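Report on the structure given below.
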Ligand SMILES: [Zn+2]
């Protein structure tokens, strides 16, 4: 059994942490569930061992078997299934792992930004509706005032016309009187 390096890169010999635990989550979903393999292999607890994929820097993409209850009080047994890969493929897998996990993080951040923007749009939309309502009310008030003004202007115009007619009549009357007086005097 080769156990010189941990499958996860995060296994601590001091507390015997679960080999499956890794600060680097799997960048891809498992094609097969950890217990869906044959032939079955048991750990010292006489339970079928779980098959995981390591995503550590040292052994990315390398499968290993470990106690299926290793995280919850099972045994510490584990072993590699695959042989170590080439340094080139190891680095390639680590780079791909990091690229996927970075994109995931960015995606999560962008979703947060997007949610904030959507809330902002909703707020603006509410404000916009309130402004539209206020504008509509002002237009209605304006129209009502214009109608009132129209009603007031009518009588004023009629009054003005009457006044002008009376003035004209008086002037004509005065002129006629003056003419009559001057004729009589002549
Ligand atoms: Zn076990």
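The values are calculated or read from the model by the stated rules, or taken from the named source; none is laboratory data. Just so it is clear, the model here is predicted, and its values are computed rather than measured. Here Cβ is always computed from backbone atoms with ideal geometry, including for glycine, and neighbour counts include all displayed protein chains.
Answer with yes or no whether residue 114 is over 24 Å from residue 37 (Cβ atoms) and in contact with a helix residue (DSSP H, G or I) (Cβ under 7 Å, 6 or more places away or on another chain).
Criteria not met by residue 114.
On the given criteria, is residue 112 more than 16 Å from the ligand (Cβ to nearest atom), at pLDDT 90 or above and surrounded by 14 or more Cβ atoms within 10 Å (Cβ to Cβ)?
The answer is no for residue 112.
Being assigned to a loop (DSSP other than H, G, I, E, B) and in contact (Cβ under 8 Å) with a residue 24 or more places away in the chain is the filter here, so list the residues in segment 77-93 that pass it.
Result: 77, 81, 84, 85.
Residue-wise test of (1) loosely packed, with under 10 Cβ neighbours inside 10 Å; (2) within 16 Å of the ligand (Cβ to nearest atom); (3) assigned by TED's automatic domain parsing to the domain that holds residue 27.
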position: 57; (1), (2), (3): no, no, yes
position: 71; (1), (2), (3): no, yes, yes
position: 124; (1), (2), (3): no, no, no
position: 129; (1), (2), (3): no, no, no
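Please find, among 74, 58, the residue that is within 39 Å of the chain's Cα centre (by Cα) and in a loop (DSSP other than H, G, I, E, B).
It is 58.
Just checking, which of 44, 27 is part of a loop (DSSP other than H, G, I, E, B), within 14 Å of the ligand (Cβ to nearest atom) and surrounded by 11 or more Cβ atoms within 10 Å (Cβ to Cβ)?
It is 44.
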